[in-house]
Structures are given as structure tokens and as C-alpha cells.
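The values are calculated or read from the model by the stated rules, or taken from the named source; none is laboratory data. Predicted model only: the values in this text are computed from it and were never measured. Here the Cβ positions follow ideal geometry from the backbone for every residue, glycine too, while neighbour counts run over all protein chains shown. Just so you know, the surface numbers come from the protein's heavy atoms only, side chains and all, with ligands and any DNA or RNA stripped out. Shrake-Rupley method; radii C 1.70, N 1.55, O 1.52, S 1.80 Å.
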Amino acid sequence: MSPLFSREEFAGRVARARAAMAEVGAELLLVDHAECLAWLTGFTVSETMYRAAFLPLEGEPWFVLRELDAGPCRAACWFADIVGFPDTAEPHAVMADEIRRRGLGNARIGADHLSYGFTAATRDRFAALLPQARFVDLPQASDLLRAVKSPAEINQIGQAASIADKAMRSIAERARPGLSPRAASAVAAACFLENGADTGETGPILPGIGDHEFLHGVMTAQPLGESDILHVELIPKLRNYGARLMRPVLIGGDERGLSLLAERLVALQDEQFAAMRPGALACEIDAVLREAVLREGLRPAYDNVTGYTLGLYARTPRPSDFSRVFLPNARWRLEEGMVFHMYVTAGGLGFSETIVVETDGCRRMSSLPRKLLSSTVH
């Protein structure tokens, strides 16, 4: 597997990381967050055994990881300095030896203390192994360095979005009584893999029941009946870059008249999209949708976010990136190149889009109709 991006692309990322290092006076950056590893180096892997990359203020980075993973790492990284260790070794000790060997045993080492890899045990072990070093926090650097996407990253997300479109159409074509969420998930998983997605992990596909609590429900093999709603959320990833898409899929005929609610939710979300432009305050974008849904009585309460960051996903404990979310108390501002998963739910219906912020506004990355889908409308 060759590097996904050009050396020039990675040079820009390195410059951004070094600017963050300079702000806290760090001479070396330790990167152990799975998504930030992929962003900075081109390679990421699970933490079966501790692994990390190191970026000095000058010169190229190096990566330390299991020898078993060193080959794929060398193939994917844009730099050549890969240190593999046997499974009998202690990863932290190998890394400490490398840091000393490179003359940085007394350095100020920057690390994101909120990284899932940088646990209290990791901090304490490094402190014991490198008593002359000082560890300094770069708060949320693993996420915030990646907040604005490059054109190449946006292109990658767009390719993932096209896979979601194909899978959603495939499910809608089969939306007849007797279809189960599990069977629909199998359709989506096959479509993902056939079209180049990293895995067949589909996202939640389940009955649209209640208000919004179905969003994180449990898959079932129970067949759906006439006028039921199948909630479909698709989360394909392509070389770790993900897009997301939600649609309600109508089984059979619309005996409950849900198309009117669907049209209203789409219209209100479109108003939210129209307000999304560089410099806009996140809480004000959130209010456009949240306050209208509550004012019109479409939901009795609205406690969840209306959107969150999208982009690079890897093997971390979280399925979604909440480093930037749309809530009434969100005081951050949108920037050109940010990408979000924006969603609205009510009455068992859920709509969402992958949205990229551009110079004069925003653009959705799906080509699917924004309506209640069925076997005759897709």
C-alpha cells in the first residue's frame, strides 16, 4: 500500500503540527492517537501493543511499533525511519531508548494528554524511563490539528460518500414488506466491499420507532411490515476517511402520512445548511434547526447534537468524532474545509448529510434525493 497523499500534503501537516509544538515549547511531539497517526504519517494500527510516532522540530519523524506491523507501516508512510520491536520487548522502553539515542532524552516532549493512547500508565512509564525529559500537554491536538481538511482529503471523503449513495439505493430498491434490518445490513455491507470500502461495517440499520431514541438501537432480524420505517445510517470508510448518510426507508405504502413530516424535516435542515459558511458561530447554526423543530412541536425535547466532525476514522474507542459539535453552547466558528455529519430526527425519521464548508457556503456530498425513500422513490 503506497502513501495516500503527496509529500507536499504531509509537509503541510508537519508544519501545522510544529506550529502547535512551538506554542507550548515542545522539542519533540509524541503521537499515539490512532487518527492523528494516520494523518501525520500515512499509517495507523490498533493498540494491541503500544505504538507511537515521534516528530522532532527539525528532520523527519520516526515510527516505533511491533515488527509484525513494520512492513505495512513502511509501505504506507511517507518517511523511511520505522523501528520495529519483537513482541518480547516492552514498547515504552524501546521508544525511550530511541529518544535517548537521538539526543532528545532531556527534551520537552509534547503529547495530547486526551489521546486514548496516552493513558496515566503511559505517562508514568515514560516519566520513569526518561527522568530528564518533561512532558507538556497539547490539549486536543490529535483532533484539532485535523479539523480543516485539505482538498485531497475532501476528495477522499467524497469517494466514501458515493459508496454510501450506492448502498442506500440498493436498500431502497428492496424496501418491501418482509425485509428485515439484518437483511438490509447485508445488502449495504456487500455494496461497501464491492465498491472499495475498507470494511463492511454499515452503521445502525434498524426500525424507525419513537422519536429519536432508535438512532443507537440494536439490529434485529424481525421482518418489517407495511408502512414501517427502516432507519438506515451508512458509514463507509475509504482508506480511513469516512462519510455518513441517513435516510428513512419506507416499507410498502405510506399509510401513516409520514411524507409530510419528512418534507418538513428536510426543509428545516436545508435552512440550517444555508447558514453554514466560514465564520459562522456553531451555536447559531445549531439554533436554526433545533429551535424550529421544538417550536413546531416536531419533538418534545431536543437534547442531542445536530452535527459533529467528520473525516478520518481509525481504531479508537469512539465511533464518532465529537471534537467539534453543534449544540446551543458551542462557541467555535466554522472554517472553510471543515467537514461535518449533520442530522435531524423526529417521529421515527432520520435525515443526515456529509457537509463540507466552502468559501461561500456549504455543499452536501451525497447525490441522493432528500426525501422519504421507498422501492419506487430512490
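Where residues in segment 135-152 are assigned to a helix (DSSP H, G or I) and of a type in the set (A, V, I, L, M, F, W, C), which of them is least open to solvent (accessible area, probe 1.4 Å)?
Step one: filter segment 135-152 for residues assigned to a helix (DSSP H, G or I), giving 141-144, 151-152.
Subset that is of a type in the set (A, V, I, L, M, F, W, C): 141, 144, 152.
Values: 141: 14, 144: 65, 152: 39 Å².
Only one residue fits best here, namely 141.
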Exactly one condition in (1) in contact with a Ser or Thr (Cβ under 7 Å, 6 or more places away or on another chain); (2) of a type in the set (S, T, N, Q); (3) open to solvent by 30 Å² or more (accessible area, probe 1.4 Å) is false for residue 199; which is it? (1)
Note: among 334, 373, 327, just one is more than 24 Å from residue 241 (Cβ to Cβ) and within 19 Å of the chain's Cα centre (by Cα), namely 327
Can you name the number of the only condition in (1) among the hydrophobic types (A, V, I, L, M, F, W, C); (2) modelled with pLDDT of 95 or more; (3) surrounded by fewer than 19 Cβ atoms within 10 Å (Cβ to Cβ); (4) more than 20 Å from the chain's Cα centre (by Cα) that residue 293 fails? (3)
Matching entry among 300, 317 (being under 30 Å from residue 226 (Cβ atoms), open to solvent by 50 Å² or more (accessible area, probe 1.4 Å), part of a loop (DSSP other than H, G, I, E, B) and touching a residue at least 40 places away in the same chain (Cβ under 8 Å)): 300
Could you look through segment 235-249, keep only residues that are of a type in the set (D, E, K, R) and open to solvent by 30 Å² or more (accessible area, probe 1.4 Å), and pick out the one that is nearest to the chain's Cα centre (by Cα)? 237
Note on segment 250-268: residues surrounded by 14 or more Cβ atoms within 10 Å (Cβ to Cβ) and touching a residue at least 60 places away in the same chain (Cβ under 8 Å) are 250, 251, 252, 254, 258, 259, 261, 262, 265, 266, 268
So in segment 116-128, with the set limited to residues that are surrounded by 17 or more Cβ atoms within 10 Å (Cβ to Cβ) and within 19 Å of residue 56 (Cα to Cα), which one is nearest to the chain's Cα centre (by Cα)? 118
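Which ranges mark the strands (runs of 3 or more DSSP E) fully within segment 1-116 that have 3 or more residues being under 30 Å from residue 154 (Cβ atoms), touching a helix residue (DSSP H, G or I) at 6+ places or on another chain (Cβ under 9 Å) and modelled with pLDDT of 95 or more?
Per the criteria, 28-31, 52-56, 62-66.
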Of all residues being β-branched (Val, Ile, Thr) and in contact (Cβ under 8 Å) with a residue 40 or more places away in the chain in segment 211-234, which is most open to solvent (accessible area, probe 1.4 Å)? Just the residue, please. 220
Can residue 111 be described as in contact with a Phe, Trp or Tyr (Cβ under 6 Å, 6 or more places away or on another chain) and either among the hydrophobic types (A, V, I, L, M, F, W, C) or on the phi < 0 side of the Ramachandran plot (or both)? yes
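Kindly establish whether residue 11 is open to solvent by 50 Å² or more (accessible area, probe 1.4 Å) and more than 19 Å from residue 143 (Cβ to Cβ).
So residue 11 fits the description; yes.
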Residue 247 is checked against (1) on the phi > 0 side of the Ramachandran plot; (2) in contact with a Gly (Cβ under 9 Å, 6 or more places away or on another chain); (3) not hydrophobic (A, V, I, L, M, F, W, C) and fails just one. What number does that condition carry? (1)
I'd like to check something: does segment 85-93 contain any residue that is open to solvent by less than 30 Å² (accessible area, probe 1.4 Å) and among the β-branched types (Val, Ile, Thr)? no
For segment 271-288, how many residues are out of contact with any strand residue (DSSP E or B) (no Cβ under 6 Å at 6 or more places or on another chain) and either surrounded by 19 or more Cβ atoms within 10 Å (Cβ to Cβ) or closer than 18 Å to residue 236 by Cα (or both)? 5
Result of the Cβ filter at 6 Å on segment 282-295, keeping first residues that are under 16 Å from residue 266 (Cβ atoms) and partners that are part of a helix (DSSP H, G or I) and of a type in the set (Asp, Glu), at least 6 apart or interchain, is 288/271
Which residue, of 121, 128, is assigned to a helix (DSSP H, G or I), of a type in the set (Gly, Ala, Ser) and more than 16 Å from residue 33 (Cα to Cα)? 128
Every residue from segment 94-112 that is more than 25 Å from the chain's Cα centre (by Cα), aliphatic (A, V, I, L, M) and open to solvent by less than 20 Å² (accessible area, probe 1.4 Å): 95, 96, 99, 107, 109
